[in-house]
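The values are calculated or read from the model by the stated rules, or taken from the named source; none is laboratory data. All figures in this text were calculated on a predicted structure; none of them were measured in a lab. Positions of Cβ are generated from backbone atoms using ideal geometry, with glycine treated the same way; all protein chains shown enter the neighbour counts.
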Amino acid sequence: MPPKFGTSGLRGLVTELTDTLVHDHIRAFLAACPVGGAVHVGRDLRDSSPRIAETVIAAVRGAGLRAVDCGAVPTPALAMAAMARGAAAVMVTGSHIPADRNGLKFYLPTGEIAKSDEAAILEALRSGGAPDAAEGQLETDPDCAARYVARYVDGFGPQALSGLRIGVYQHSSVARDVLVDIVEGLGATAVPIARSDRFIPVDTEAVDPETRAALAGWAEAHRLDAIISTDGDADRPMVTDAAGAMIPGDVLGPLTARLLDARMVVTPVSSNTLVEAMPGFALRRTRIGSPFVIAGMEAALEADPSARVIGYEANGGFLLGFAAQGPAGAVAPLMTRDAVLPIVAPLAAARAAGRGLAELAADLPPRFTAADRLQEVPSERSMALIESLRESAAARAEFFDTGAGESAIDETDGLRVRFGNGEIVHLRPSGNAPECRLYAEADSAERAQALLAAHLDRLGQRLAG
C-alpha cells in the first residue's frame, strides 16, 4: 500500500518512504500551508526516523526556510515548542504501528493540520511544491523536552504525586525519559521498567494479553501504585491501577476533564458513553481522529471564545482548549493530542483524595469498553464488509450476536450498532494502517471483553484470505 494520509498524517512502509517522496511531501506542505518562516522537526525512536528527519530538514532548508532540529521528542512537546514560536512543525513517526512503517505528522503555527490542509498538500504535490531557494538556517532546540516537563510540574506542583511509586513502562516510547522526569518532578518515586533497544509498536487501544499480564506482574513485583506509558510518539497514554489493570483512555479523559473543571467535552463516537451520564458536561460527538475532535473544539470556541472545552479520544489522547488551572498553577491550552495530561491529572486527583486509581474510576457511571483490531486487512476489504452490513438488517442480525435486537445504528464513522440491552459493537476500518478496528461496550468489563472476543473472531472469519 503506497504512503497516504490517514487520521494521523502521512503513513506508509519505510521502503516506500523514500528520500524523494519525503522531500516532495515536505515541499508540498511548505507551498500549501502557512509555516511562519520556520519548521521545527522531531522524531520518534524507530530505526528509520533519523534518516527521514534528515531528509525533512534538508527539504525545509532547501526551500530557504529555517529548520529547528528538536531531536527525539514527544509529538506534543514538538507541537508545543513550535506553536510557542509561531512556527510550523513536522514529526517523523509511525505512532503505534509496526517498525516497518513510518510517517509524517504536520503542524501549522496554530496546531495540527485539518483535512482541508491535507487536500491542499496533495494538490501542491501534483503541482510541484515549494521551489528551491538559498539554503535556510539550521538551529537546534535542546530544551524542547525540558519545557514540556515544566508544563506539568508547574501546573500540578512538586508534591502532586508525593509518596507514590509509579512504574514507567519505557519500551521504545520517545517519552520514556520524559515520563521519569515528570514523575520525579511531581514528587513520586519513578520505577523504570522494560526499556527496549528495538522498536515495540505499543497500541494503547489494543494492548495484547502478554503485555497485560506483564503489567500485572510488574505492579506486584515492584509494589507500585500505578504504571504509566505511552505509544511510540507519546500522544496516547497507557495507565494502570495498583493491580496493573488498564484504565481505558475514555475513562482517563472524563477524569481529567473533571479535575480541570471543563464544561464542554468533544470526543469521537467510539468513546465510552459514561461521559453522557456525568453531570456538568455539554457533549459533542465527532468522527474518529484528532482533526475531527479539533474541528469540534474550534466550533465550540467560535461560538463561545470563553468555552472551557476539552477533547479526548478512546485511545486516551487529550486536547486542552482553554487556559486551565491546575492544583499549583496554570496549564496553558494545547490543541493537539497529548499523553501526559491524562496521566498526571487522574493520578493527582486520586492522590489528593487519598484513593487509588481503581477507586476513582469505580465512581464513574458503570459502562465499560474494550477495543482491538484485526491486522493486515486491506481497507477496501473492511469497507466492503461494513457497507454490506450497513445495507442489510438481515446481514447485521446474522453477524452481530449480543442476545438482543438492534435499537439504533450510527454511521458517523464506520458502523456502530446499539442493541436493546444497551450493548454496543462498532466496526471501523483504520485510517492509517491495514487494520479493521472493533470496539465493544457493555455494563461490565467482562461482558465488554466477551463481546470483543466473539466479534473479533467473526470479523476474522469474514475478512480472512
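Look through the range 202-214, keep the residues that are touching a helix residue (DSSP H, G or I) at 6+ places or on another chain (Cβ under 9 Å) and β-branched (Val, Ile, Thr), and return whichever of them is surrounded by the most Cβ atoms within 10 Å (Cβ to Cβ). For the range 202-214, the residue satisfying everything is 204. Applying the set (1) modelled with pLDDT of 95 or more; (2) more than 15 Å from the chain's Cα centre (by Cα); (3) of a type in the set (A, V, I, L, M, F, W, C) to residue 295 leaves exactly one unmet item: (1). Among the residues making up the range 401-429, those that are in contact (Cβ under 8 Å) with a residue 24 or more places away in the chain, touching a helix residue (DSSP H, G or I) at 6+ places or on another chain (Cβ under 7 Å) and crowded, with 19+ Cβ neighbours inside 10 Å are 402, 414, 415, 423, 425, 427, 429. One residue stands out among those in the range 151-180 that are of a type in the set (Gly, Ala, Ser) and within 22 Å of residue 355 (Cα to Cα): the one that is surrounded by the fewest Cβ atoms within 10 Å (Cβ to Cβ), which is 163. For the range 324-343, a residue qualifies if it is assigned to a strand (DSSP E or B), surrounded by 21 or more Cβ atoms within 10 Å (Cβ to Cβ) and not hydrophobic (A, V, I, L, M, F, W, C), and the qualifying residues are 336, 337, 338.
Restricting to the range 369-392, name every residue that is touching a residue at least 40 places away in the same chain (Cβ under 8 Å) and either part of a helix (DSSP H, G or I) or in contact with an Asp or Glu (Cβ under 7 Å, 6 or more places away or on another chain) (or both).
Scanning the range 369-392 gives 369, 371, 373, 374, 375, 377, 379, 381, 382, 383, 385, 386.
Looking only at the range 118-150, which residues are loosely packed, with under 13 Cβ neighbours inside 10 Å and touching a strand residue (DSSP E or B) at 6+ places or on another chain (Cβ under 8 Å)? Matches in the range 118-150: 137, 139, 140, 142. If you check 331, 344 for being in contact with a Gly (Cβ under 6 Å, 6 or more places away or on another chain), in contact (Cβ under 8 Å) with a residue 12 or more places away in the chain and assigned by TED's automatic domain parsing to the domain that holds residue 276, only one passes: 331. Is it fair to say residue 45 is assigned by TED's automatic domain parsing to the domain that holds residue 9, at pLDDT 95 or above, assigned to a loop (DSSP other than H, G, I, E, B) and not aromatic (Phe, Trp, Tyr)? Against the criterion (assigned by TED's automatic domain parsing to the domain that holds residue 9, at pLDDT 95 or above, assigned to a loop (DSSP other than H, G, I, E, B) and not aromatic (Phe, Trp, Tyr)), residue 45 qualifies.
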